[in-house]
Amino acid sequence: VLEEFMERSEQETERKKMERKKIFISYSMDSPSHIKKVARIAEHLEKEGYEVYFYGKAVIGVNNIVFMQKIEHCDAILVIGTKEYKRKSSEEPSGGTFTESCIISSEFMNSHYEKIIPLAFDEFEESFPKPFNSNKGMRVKRVDKYFLEKLTLALREKF
């Protein structure tokens, strides 16, 4: 009986894990302080029960392209926009931000545009390349408790 209970419990845990909403965070490595802000968002979302793909927490040796391909299997893509993100995603074709932006653009063009949630750290128009700037998003002045609660509520409404 105990073994059956343990097996059912493990299956239930695995099922719940499969049901967790997956969120990919796309950002540019602007500065160490910027990465800390993005990491705070990722940690908060993980505590809220989301499965978060944040490159800053990827294990050493992970293949960048393989990691970026997780985008296609996510329920939402948070695009952390800054002036630097916009520049890198359109002007540095050899960089990771550019490649990630191309993958996200293909999601947008494949009618999965509702998955893309822009979070502007600078002015909205200055933070994103097209077509990301056409989705409704949020302006981020500070990654504080108020913003994190607001983001959580918006994601709960979405899912």
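Show me, bin by bin at 10 Å from 0, the whole-percent P(r) of region 74-141 based on Cα pairs.
Going from the shortest bin to the longest, the percentages are 23, 57, 19, 0.
For every other residue with a beta carbon closer than 13 angstrom to the beta carbon of LEU153, add +1 if it is Lys or Arg and -1 if Asp or Glu, then tell me the sum. All intermediate terms of the calculation are to be shown ahead of the outcome.
On the way: positive: LYS145, LYS150, ARG156, LYS158; negative: GLU48, GLU149, GLU157.
The answer is +1.
So if we plug the beta-carbon distance of ILE65 and MET29 into 1/(1 + (r/R0)^6) with R0 = 22 Å, what FRET efficiency do we get, rounded to 0.05?
Calculated value: 0.85.
Collect residues whose amide H, placed 1.01 Å from N in the peptide plane, falls under 5 Å from the amide H of TYR53; neighbours closer than 5 in sequence don't count.
ILE23, PHE24, ILE25
Could you go through region 41-58 in sequence order and give the Karplus-derived ³J(HN,Hα) for each residue, using 6.51 cos²θ - 1.76 cosθ + 1.60 with θ = phi - 60°, rounded to whole Hz, and x for Gly and Pro?
4, 4, 4, 4, 5, 5, 5, 7, x, 7, 8, 10, 9, 10, 4, x, 10, 5
Using a 1.4 Å probe over the heavy atoms of the protein chains, calculate the carbon and sulfur portion of the accessible area of region 35-123 as a whole percent.
Answer for region 35-123 is 50 percent, counting heavy atoms of protein chains only.
Please report the net charge: other residues with Cβ closer than 14 Å to the Cβ of ASP122, K and R +1, D and E -1.
+3
Using the structure shown, select from LYS86/LYS158; LYS22/LYS115; LYS22/LYS130; LYS21/LYS57 the pairs with a Cα to Cα distance greater than 22 angstrom.
Working: LYS86/LYS158 25 Å; LYS22/LYS115 11 Å; LYS22/LYS130 24 Å; LYS21/LYS57 18 Å.
Beyond 22 Å: LYS86/LYS158; LYS22/LYS130.
Could you report region 39-93's accessible area per residue, 1.4 Å probe, as an integer in Å²?
53 Å²
The values are calculated or read from the model by the stated rules, or taken from the named source; none is laboratory data. Since the structure is predicted, the reported quantities are computational estimates derived from the model, not experimental observations. Because the Cβ atoms are built from the backbone with ideal geometry, glycine has one as well, and the counts that use them run over all protein chains shown. To get the accessible areas, we keep the full protein, side chains included, count just its heavy atoms, and leave off ligands, DNA and RNA. Shrake-Rupley method; radii C 1.70, N 1.55, O 1.52, S 1.80 Å.
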